[in-house]
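Note sheet for the following structure.
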Amino acid sequence: MLSFIMVTWFIWARFIVDRLPKFVPFNLTLLTLSLLIFTCIIYIIILKQLLRPRVSILVQILTAIMQKMSAPVYTLDEAIRSNLLVRKIMYKIVSQLSFHTVLYNCYEYYRIWNFTPRLLLLFIFYADVFYFHKLDLFYSFLFLSAIPLIGRYLYHLMGYLYESEVQYLEQWYEVRLIPTDPEDKEDLAYVHSSGYGFWDWITIRYYLIVIRAESELIKYECGITRQLADKYYPDRRMFVDKGKRRKDYDDITEEDYAVMSAEFEKAMPAVINLYLLVDDYTMTLKSKGYSSKIKRMNLIIFSLFLIAWVYILMVSLPTFMLTANEIEYICKFQERLEPFSGISL
């Protein structure tokens with residue numbers, strides 16, 4: 001991922017940015033005029049979708065085009081998701097976050113990586129257009145626009161890692177809830193074990209739903225399943241009783257338990273935080289209170305960008321002049337569309 005970003009930035013800085021128009025107003029050619037109009041149309045479509053979300057014919061066409069152009073991106077995504085080093089780094093970072101930090105600061109994280117780069121880039125853009133009359137800083141800091149995309153991709157990646165890890169763990173492990181106060185019958189461990197029997201096991205997904213609903217991390221321990229025992233000790237017949245606590249197993253020693261539960265104990269902190277991050281991100285986008293704030297902020301940002309681009313288009317229009325090559329190209333294009341029309345430019 002890092003190498004891809006570096007290569008993209010090198011191509012942008014070395015071959016593209018110097019060929020883009022800088023001084024406002026632009027000296028318009030047919031190409032730059034088309035690009036300006038296309039840029040304005042894109043912002044209009046974005047604003048229309050924010051105000052009245054609807055899949056129009058134009059959106060369907062653009063979506064189909066983007067899907068075809070994004071084939072290499074899907075290949076890169078698959079390579080990133082299957083990369084063991086990426087998994088290790090993500091697990092290491094996520095497992096270090098505290099439960100309450102992850103649970104209560106999702107919207108603050110969203111504002112930092114989604115709105116802050118866009119607002120900073122908008123300020124730079126307006127300074128370039130209306131004060132310096134030259135798109136110089138804007139091109140230099142255009143990489144800021146990639147930060148919201150990278151943020152969304154990281155949540156997409158975390159969602160994939162969470163699902164794959166939980167599916168794997170639930171093949172071998174279950175969870176036992178441990179009461180903070182064994183004498184308190186209202187303890188959350190007792191409450192959420194109701195119907196299962198206190199020492200009965202619950203699934204990892206159910207445990208995650210419980211701590212999300214209670215906004216509290218409930219103590220737990222690894223539950224050894226028959227499949228897990230057969231996986232680690234296929235030549236030994238271990239008796240796994242869901243009615244017994246870990247210390248009450250007759251034929252599973254502490255050393256056996258440590259070996260079999262090591263993978264579970266290592267993975268669970270990351271799995272818990274991955275679930276909370278992905279779930280809170282989804283709930284933030286769907287929450288009526290937060291979604292209205294996000295929508296309003298996006299409307300303001302994209303509207304201001306559109307105003308600046310329309311301003312550039314309007315002040316640059318008097319400079320538009322077709323070159324001889326462009327006139328020849330248009331004539332050939334017209335002949336292909338209407339070869340027998342008898343009309344010529």
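General observations
- Remark: region 80-91, residue by residue, has Karplus-estimated 3J(HN,Hα) of 5, 5, 8, 7, 5, 5, 4, 4, 4, 5, 4, 4 Hz, where x stands for each Gly or Pro and the curve is 6.51 cos²θ - 1.76 cosθ + 1.60 at θ = phi - 60°.
- Region 284-336: C-alpha gyration tensor shape, a/c 1.5 cut-off, then a/b vs b/c: oblate
- A simple charge model with +1 on the Cβ of Lys and Arg, -1 on the Cβ of Asp and Glu and nothing else charged puts the dipole of region 148-235 at about 420 debye relative to its Cα centre.
- Prolate/oblate/rounded call for region 122-186, Cα gyration tensor, a/c under 1.5 rounded: oblate
- Set 134/293; 88/293; 22/293; 88/295; 88/266; 231/266 screened for pairs whose C-alpha atoms are more than 23 Å apart: 134/293; 88/293; 22/293; 88/295
All of the numbers you see were taken from the coordinates with simple rules; none came from a lab. Keep in mind it's a predicted model, so treat the numbers as computed, not measured. When we count neighbours, we look across all protein chains shown, and the Cβ atoms used for this are built from the backbone with ideal geometry, even at glycine.
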